[in-house]
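Here the structure comes first, spelled out in C-alpha coordinates, and everything after it is commentary.
The values are calculated or read from the model by the stated rules, or taken from the named source; none is laboratory data. Computed from a prediction, not measured in an experiment: that's the story for all the values here. Using ideal geometry, Cβ is built from the backbone for each residue, glycine included, and neighbour counts are taken over all protein chains shown. Keep in mind that these areas ignore ligands, DNA and RNA; they rest on the heavy atoms of the full protein, side chains included. Shrake-Rupley method; radii C 1.70, N 1.55, O 1.52, S 1.80 Å.
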Amino acid sequence: MTANFTSGWLGNGESAWHGEGLVTEGTLPAREAFEKADALFAVEKRNLTYPIFNSSEEVVNQMLIPQLAMVRTDSNGFLGIVSQQYEIVQNESLLRMAEFIREEVDMDSVVVLAGGAKVAFTATIRGAEADIVPGDTVKRRIVGYLGHDGKTSVGAIFTNVRVVCCNTLAMAQAEHNKRTLTHKQGVNHEFNSLIQSINVARETFTEETELMKELASRTCTNFREFLEEVYEDQIPEGKQVDDMRKYKHLRFAYASGMGAQFAPHSLWNAVNAVTEVETSTLKGTARKRQSQFAKANFGTGLFRSQKAMQVARELLTV
(Lines give C-alpha, C1' and ligand atoms only; values in the text may rest on other atoms or scores of the structure.)
Protein backbone atom coordinates (compact mmCIF):
# COMPACT_ATOMS: atom_id res chain seq x y z
CA MET A 1 0.00 0.00 0.00
CA THR A 2 1.29 3.49 -0.81
CA ALA A 3 2.53 5.54 2.12
CA ASN A 4 -0.06 8.25 1.53
CA PHE A 5 -3.22 6.30 0.65
CA THR A 6 -4.72 4.21 3.46
CA SER A 7 -8.29 3.50 2.39
CA GLY A 8 -10.97 5.02 0.25
CA TRP A 9 -14.03 4.83 -1.96
CA LEU A 10 -13.94 6.07 -5.55
CA GLY A 11 -17.11 6.44 -7.60
CA ASN A 12 -18.02 6.58 -11.27
CA GLY A 13 -15.90 3.52 -12.03
CA GLU A 14 -12.74 5.65 -11.84
CA SER A 15 -9.89 3.96 -10.01
CA ALA A 16 -7.02 5.97 -8.54
CA TRP A 17 -3.46 5.93 -9.87
CA HIS A 18 -2.36 3.41 -7.25
CA GLY A 19 -5.12 0.92 -8.02
CA GLU A 20 -6.21 0.85 -4.37
CA GLY A 21 -9.50 1.61 -2.68
CA LEU A 22 -13.02 0.40 -3.37
CA VAL A 23 -14.27 1.45 -6.80
CA THR A 24 -17.98 1.42 -7.67
CA GLU A 25 -20.03 2.55 -10.64
CA GLY A 26 -21.94 5.78 -10.21
CA THR A 27 -22.20 7.71 -6.98
CA LEU A 28 -23.32 6.83 -3.43
CA PRO A 29 -25.06 8.60 -0.56
CA ALA A 30 -22.52 10.39 1.61
CA ARG A 31 -22.75 8.10 4.66
CA GLU A 32 -22.42 4.95 2.59
CA ALA A 33 -19.42 6.44 0.78
CA PHE A 34 -17.72 7.29 4.10
CA GLU A 35 -18.46 3.82 5.45
CA LYS A 36 -17.02 2.08 2.39
CA ALA A 37 -13.92 4.26 2.68
CA ASP A 38 -13.50 3.31 6.37
CA ALA A 39 -13.54 7.03 7.09
CA LEU A 40 -15.81 7.17 10.15
CA PHE A 41 -13.25 6.14 12.76
CA ALA A 42 -13.01 8.23 15.92
CA VAL A 43 -9.87 9.91 17.23
CA GLU A 44 -8.75 10.99 20.68
CA LYS A 45 -5.88 12.71 22.48
CA ARG A 46 -3.63 10.58 24.70
CA ASN A 47 -0.83 11.43 27.10
CA LEU A 48 2.78 11.10 26.00
CA THR A 49 5.48 10.02 28.44
CA TYR A 50 9.27 9.86 28.41
CA PRO A 51 11.07 7.02 30.26
CA ILE A 52 13.50 7.89 33.07
CA PHE A 53 16.39 5.45 33.47
CA ASN A 54 18.63 4.64 36.45
CA SER A 55 22.36 4.01 36.26
CA SER A 56 21.67 0.41 35.21
CA GLU A 57 19.60 1.67 32.30
CA GLU A 58 16.41 0.36 33.85
CA VAL A 59 13.21 2.36 33.51
CA VAL A 60 12.35 3.66 36.98
CA ASN A 61 9.76 6.29 36.12
CA GLN A 62 7.81 8.01 33.36
CA MET A 63 7.85 11.75 32.79
CA LEU A 64 4.70 13.28 31.34
CA ILE A 65 5.27 15.35 28.20
CA PRO A 66 3.21 18.57 27.75
CA GLN A 67 2.14 17.63 24.20
CA LEU A 68 -0.45 14.97 23.43
CA ALA A 69 -0.68 12.21 20.85
CA MET A 70 -3.57 12.04 18.36
CA VAL A 71 -4.64 8.42 17.98
CA ARG A 72 -7.25 6.43 16.06
CA THR A 73 -9.40 4.65 18.63
CA ASP A 74 -10.16 1.68 16.36
CA SER A 75 -6.55 0.76 15.58
CA ASN A 76 -4.52 2.77 18.12
CA GLY A 77 -2.70 4.22 15.11
CA PHE A 78 -0.59 7.28 15.89
CA LEU A 79 -1.57 10.30 13.78
CA GLY A 80 0.40 13.24 15.15
CA ILE A 81 1.33 15.39 18.13
CA VAL A 82 -0.89 18.25 19.29
CA SER A 83 -1.06 20.82 22.06
CA GLN A 84 -3.29 20.75 25.12
CA GLN A 85 -5.45 23.47 23.50
CA TYR A 86 -6.01 21.46 20.29
CA GLU A 87 -9.73 20.80 19.78
CA ILE A 88 -10.65 17.61 17.98
CA VAL A 89 -13.07 17.62 15.05
CA GLN A 90 -14.37 14.11 14.45
CA ASN A 91 -14.89 12.61 10.99
CA GLU A 92 -18.64 12.58 11.59
CA SER A 93 -18.49 16.38 11.25
CA LEU A 94 -16.95 16.07 7.79
CA LEU A 95 -19.72 13.63 6.90
CA ARG A 96 -22.28 16.21 8.04
CA MET A 97 -20.77 18.68 5.58
CA ALA A 98 -21.20 16.17 2.74
CA GLU A 99 -24.77 15.42 3.83
CA PHE A 100 -25.65 19.11 4.10
CA ILE A 101 -24.98 19.63 0.37
CA ARG A 102 -26.41 16.27 -0.76
CA GLU A 103 -29.20 17.88 -2.81
CA GLU A 104 -26.65 19.89 -4.79
CA VAL A 105 -23.82 17.42 -5.49
CA ASP A 106 -22.86 13.90 -6.51
CA MET A 107 -20.21 12.25 -4.37
CA ASP A 108 -17.01 11.40 -6.27
CA SER A 109 -14.65 10.01 -3.64
CA VAL A 110 -13.77 9.70 0.03
CA VAL A 111 -10.14 9.07 0.94
CA VAL A 112 -8.20 8.38 4.12
CA LEU A 113 -4.53 9.37 3.91
CA ALA A 114 -1.42 8.67 5.99
CA GLY A 115 -3.10 6.17 8.30
CA GLY A 116 -5.96 8.57 9.03
CA ALA A 117 -3.98 11.78 9.54
CA LYS A 118 -6.05 13.34 6.74
CA VAL A 119 -9.57 12.60 5.52
CA ALA A 120 -11.17 14.23 2.48
CA PHE A 121 -14.16 13.91 0.18
CA THR A 122 -14.78 15.32 -3.28
CA ALA A 123 -18.16 15.92 -4.86
CA THR A 124 -19.21 17.35 -8.22
CA ILE A 125 -21.75 20.15 -8.17
CA ARG A 126 -24.74 19.38 -10.39
CA GLY A 127 -25.24 21.81 -13.23
CA ALA A 128 -21.72 23.25 -12.98
CA GLU A 129 -20.07 21.94 -16.13
CA ALA A 130 -18.93 23.81 -19.22
CA ASP A 131 -16.83 23.39 -22.36
CA ILE A 132 -14.11 26.04 -22.59
CA VAL A 133 -13.55 25.00 -26.20
CA PRO A 134 -15.22 21.94 -27.75
CA GLY A 135 -13.83 18.83 -26.08
CA ASP A 136 -12.17 20.66 -23.17
CA THR A 137 -14.54 20.45 -20.22
CA VAL A 138 -14.30 21.83 -16.69
CA LYS A 139 -16.46 20.93 -13.72
CA ARG A 140 -16.94 22.61 -10.33
CA ARG A 141 -16.14 20.40 -7.37
CA ILE A 142 -16.09 20.87 -3.63
CA VAL A 143 -13.38 19.25 -1.54
CA GLY A 144 -14.11 18.86 2.17
CA TYR A 145 -11.09 17.99 4.28
CA LEU A 146 -10.07 17.36 7.87
CA GLY A 147 -6.69 16.75 9.50
CA HIS A 148 -5.78 14.85 12.66
CA ASP A 149 -2.00 15.29 12.44
CA GLY A 150 -1.70 18.58 14.30
CA LYS A 151 -0.75 20.37 11.07
CA THR A 152 -3.68 20.06 8.68
CA SER A 153 -6.66 22.34 9.22
CA VAL A 154 -10.32 21.67 8.53
CA GLY A 155 -12.40 23.24 5.80
CA ALA A 156 -13.70 23.24 2.26
CA ILE A 157 -12.28 24.24 -1.12
CA PHE A 158 -14.17 24.87 -4.34
CA THR A 159 -12.12 23.84 -7.37
CA ASN A 160 -12.62 23.63 -11.10
CA VAL A 161 -11.38 20.34 -12.50
CA ARG A 162 -10.31 20.14 -16.12
CA VAL A 163 -11.76 16.76 -17.01
CA VAL A 164 -9.38 16.00 -19.87
CA CYS A 165 -6.45 16.12 -17.44
CA CYS A 166 -8.15 15.42 -14.10
CA ASN A 167 -6.21 18.32 -12.63
CA THR A 168 -7.25 21.19 -10.38
CA LEU A 169 -7.56 24.72 -11.71
CA ALA A 170 -7.34 27.29 -8.93
CA MET A 171 -8.89 30.64 -9.76
CA ALA A 172 -7.29 33.99 -9.00
CA GLN A 173 -10.14 34.65 -6.57
CA ALA A 174 -9.32 31.41 -4.75
CA GLU A 175 -9.35 33.10 -1.36
CA HIS A 176 -13.14 33.32 -1.79
CA ASN A 177 -13.31 29.64 -2.75
CA LYS A 178 -11.59 28.28 0.35
CA ARG A 179 -12.80 28.18 3.96
CA THR A 180 -10.20 27.08 6.50
CA LEU A 181 -10.40 26.66 10.27
CA THR A 182 -7.67 25.74 12.74
CA HIS A 183 -8.14 23.29 15.61
CA LYS A 184 -8.34 25.96 18.28
CA GLN A 185 -10.96 26.07 21.01
CA GLY A 186 -14.43 26.53 19.54
CA VAL A 187 -13.55 25.06 16.14
CA ASN A 188 -16.50 22.65 16.21
CA HIS A 189 -18.92 25.55 16.65
CA GLU A 190 -17.18 27.42 13.83
CA PHE A 191 -17.27 24.33 11.66
CA ASN A 192 -21.02 23.99 12.18
CA SER A 193 -21.40 27.60 11.05
CA LEU A 194 -19.18 26.94 8.03
CA ILE A 195 -21.34 23.99 6.99
CA GLN A 196 -24.49 26.09 7.23
CA SER A 197 -22.92 28.87 5.15
CA ILE A 198 -21.80 26.71 2.21
CA ASN A 199 -23.21 27.95 -1.06
CA VAL A 200 -22.37 26.01 -4.21
CA ALA A 201 -22.22 29.35 -6.07
CA ARG A 202 -22.98 28.31 -9.63
CA GLU A 203 -22.97 32.02 -10.49
CA THR A 204 -19.24 32.33 -9.81
CA PHE A 205 -18.59 29.16 -11.82
CA THR A 206 -20.22 30.83 -14.84
CA GLU A 207 -18.00 33.88 -14.34
CA GLU A 208 -14.91 31.67 -14.05
CA THR A 209 -15.66 29.69 -17.20
CA GLU A 210 -16.22 32.92 -19.12
CA LEU A 211 -12.73 33.96 -18.03
CA MET A 212 -11.33 30.60 -19.15
CA LYS A 213 -12.97 31.01 -22.56
CA GLU A 214 -11.39 34.45 -22.91
CA LEU A 215 -7.99 32.97 -22.00
CA ALA A 216 -8.52 30.29 -24.68
CA SER A 217 -9.11 33.00 -27.28
CA ARG A 218 -5.97 35.00 -26.45
CA THR A 219 -2.48 34.11 -27.66
CA CYS A 220 0.31 33.58 -25.16
CA THR A 221 2.95 35.69 -26.90
CA ASN A 222 5.87 34.53 -24.74
CA PHE A 223 5.49 31.39 -22.63
CA ARG A 224 8.94 31.81 -21.09
CA GLU A 225 8.06 35.25 -19.74
CA PHE A 226 4.76 33.86 -18.50
CA LEU A 227 6.68 31.25 -16.49
CA GLU A 228 9.06 33.87 -15.13
CA GLU A 229 6.13 35.62 -13.50
CA VAL A 230 4.45 32.45 -12.28
CA TYR A 231 7.66 31.12 -10.68
CA GLU A 232 9.34 34.41 -9.75
CA ASP A 233 9.58 33.39 -6.07
CA GLN A 234 11.24 30.06 -6.96
CA ILE A 235 13.96 31.32 -9.28
CA PRO A 236 17.23 31.78 -7.31
CA GLU A 237 19.01 35.11 -7.58
CA GLY A 238 21.27 35.16 -10.60
CA LYS A 239 19.39 32.28 -12.24
CA GLN A 240 16.77 32.16 -14.96
CA VAL A 241 13.56 30.20 -15.36
CA ASP A 242 15.40 27.94 -17.81
CA ASP A 243 17.56 26.72 -14.91
CA MET A 244 14.59 25.23 -13.07
CA ARG A 245 14.48 21.42 -13.24
CA LYS A 246 10.80 21.49 -14.15
CA TYR A 247 11.30 23.98 -17.02
CA LYS A 248 11.59 21.28 -19.70
CA HIS A 249 8.47 19.56 -18.33
CA LEU A 250 6.57 22.84 -18.48
CA ARG A 251 7.68 23.41 -22.07
CA PHE A 252 6.61 19.90 -23.02
CA ALA A 253 3.22 20.30 -21.33
CA TYR A 254 2.68 23.59 -23.17
CA ALA A 255 3.56 22.04 -26.54
CA SER A 256 2.21 18.50 -26.21
CA GLY A 257 0.55 18.11 -22.83
CA MET A 258 -2.85 16.62 -22.05
CA GLY A 259 -5.43 18.73 -23.87
CA ALA A 260 -2.86 21.12 -25.39
CA GLN A 261 -4.46 20.56 -28.79
CA PHE A 262 -7.71 22.28 -27.79
CA ALA A 263 -6.40 25.85 -27.59
CA PRO A 264 -2.73 25.72 -28.64
CA HIS A 265 -0.44 28.69 -27.90
CA SER A 266 -3.16 30.39 -25.84
CA LEU A 267 -3.10 31.76 -22.30
CA TRP A 268 -5.48 28.93 -21.40
CA ASN A 269 -2.91 26.46 -22.72
CA ALA A 270 -0.21 28.19 -20.65
CA VAL A 271 -2.27 27.95 -17.46
CA ASN A 272 -3.03 24.29 -18.08
CA ALA A 273 0.65 23.50 -18.72
CA VAL A 274 1.52 24.80 -15.25
CA THR A 275 -1.46 23.02 -13.71
CA GLU A 276 -0.57 19.73 -15.37
CA VAL A 277 3.02 19.80 -14.14
CA GLU A 278 2.03 20.87 -10.62
CA THR A 279 -1.09 18.80 -9.96
CA SER A 280 -1.86 16.07 -12.48
CA THR A 281 -1.67 12.49 -11.18
CA LEU A 282 -2.04 10.88 -14.61
CA LYS A 283 1.66 10.70 -15.44
CA GLY A 284 4.93 9.67 -13.82
CA THR A 285 5.93 7.04 -11.29
CA ALA A 286 3.64 5.95 -8.46
CA ARG A 287 5.79 7.96 -6.04
CA LYS A 288 5.53 11.04 -8.26
CA ARG A 289 1.75 10.69 -8.65
CA GLN A 290 1.37 10.30 -4.90
CA SER A 291 3.34 13.51 -4.36
CA GLN A 292 1.21 15.31 -6.96
CA PHE A 293 -1.98 14.23 -5.21
CA ALA A 294 -0.78 15.72 -1.93
CA LYS A 295 0.37 18.94 -3.65
CA ALA A 296 -2.91 19.36 -5.50
CA ASN A 297 -5.06 18.91 -2.41
CA PHE A 298 -2.98 20.02 0.53
CA GLY A 299 0.12 21.75 -0.80
CA THR A 300 1.84 24.03 -3.26
CA GLY A 301 0.24 22.73 -6.46
CA LEU A 302 -3.01 24.52 -5.77
CA PHE A 303 -1.14 27.78 -5.06
CA ARG A 304 0.96 27.56 -8.23
CA SER A 305 -2.11 26.91 -10.37
CA GLN A 306 -3.74 29.91 -8.71
CA LYS A 307 -0.68 32.04 -9.51
CA ALA A 308 -0.80 30.94 -13.16
CA MET A 309 -4.45 32.03 -13.38
CA GLN A 310 -3.60 35.35 -11.77
CA VAL A 311 -0.76 36.06 -14.22
CA ALA A 312 -2.90 35.03 -17.20
CA ARG A 313 -5.75 37.24 -16.07
CA GLU A 314 -3.41 40.24 -15.75
CA LEU A 315 -2.11 39.60 -19.30
CA LEU A 316 -5.66 39.94 -20.63
CA THR A 317 -5.51 43.63 -19.77
CA VAL A 318 -2.17 44.24 -21.50
Seminar exercise, completed: Summing -39500 (n - 2.57) over every DSSP H run of at least 4 residues in the chain and dividing by its residue count gives a helix-only mean residue ellipticity at 222 nm, to the nearest 500 deg cm²/dmol, of -10000 deg cm²/dmol
Seminar exercise, completed: With every protein chain kept in place and a 1.4 Å probe, the residues 63, 212 fall, from largest accessible area down, as 63, 212
Exercise. What's the percent breakdown of Cα-Cα distances in the range 26-149 across 5 Å bins, shortest bin first?
Worked result: 2, 10, 16, 15, 13, 11, 9, 7, 5, 4, 3, 2, 1, 1, 0, 0
Exercise. Which of the pairs 139/307; 184/307; 45/184; 139/248 have their Cα atoms more than 22 Å apart in this structure?
Worked result: 184/307; 139/248
Problem set entry | P(r) of the chain over all Cα-Cα pairs, binned every 20 Å from zero, in whole percent | 30, 52, 16, 2
Problem set entry | Approximate shape of the range 49-106 as ellipsoid semi-axes (Cα gyration tensor, √5λ), whole Å, largest first | 42, 12, 6
Exercise. Which of 51, 236, 264 moves the most in a Gaussian network model of the chain with Cα springs under 10 Å?
Worked result: 51
Seminar exercise, completed: If amide H atoms are modeled at 1.01 Å from N in the peptide plane, then the residues at a separation of 5 or more from residue 81, or on another chain, having amide H under 5 Å from its own are 70
Problem set entry | Length released on extending from residue 202 to residue 54, taking residue separation times 0.36 nm less the Cα-Cα span | 46.6 nm
For this session: Pick out, in residue order, every one of the GluC sites (Glu not before Pro) in the range 55-102 that is DSSP loop and has at most 14 other C-beta atoms within 10 Å; say none if there are none.
Result: 57, 58
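Just the projected area, averaged over all directions, of the convex hull on the alpha carbon atoms of the range 103-213: how many nm²?
Numbers: hull surface 30.4 nm².
For the range 103-213, averaging the hull's shadow over all directions gives 7.6 nm².
Enter the accessible area per residue of the chain (Å², integer; probe 1.4 Å; all protein chains in place).
On the way: 15420 Å² over 318 residues.
Ligands and nucleic acids excluded, the result is 48 Å² per residue.
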Problem set entry | On Cα atoms only, tilt of 267-279 relative to the major axis of the chain in degrees | 20 degrees
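In Å, the Kirkwood hydrodynamic radius of the range 1-93 over pairs of distinct alpha carbons? Kindly include the intermediate steps, with their values, before the conclusion.
Values: mean 1/r = 0.0612 Å⁻¹.
The answer is 16.3 Å.
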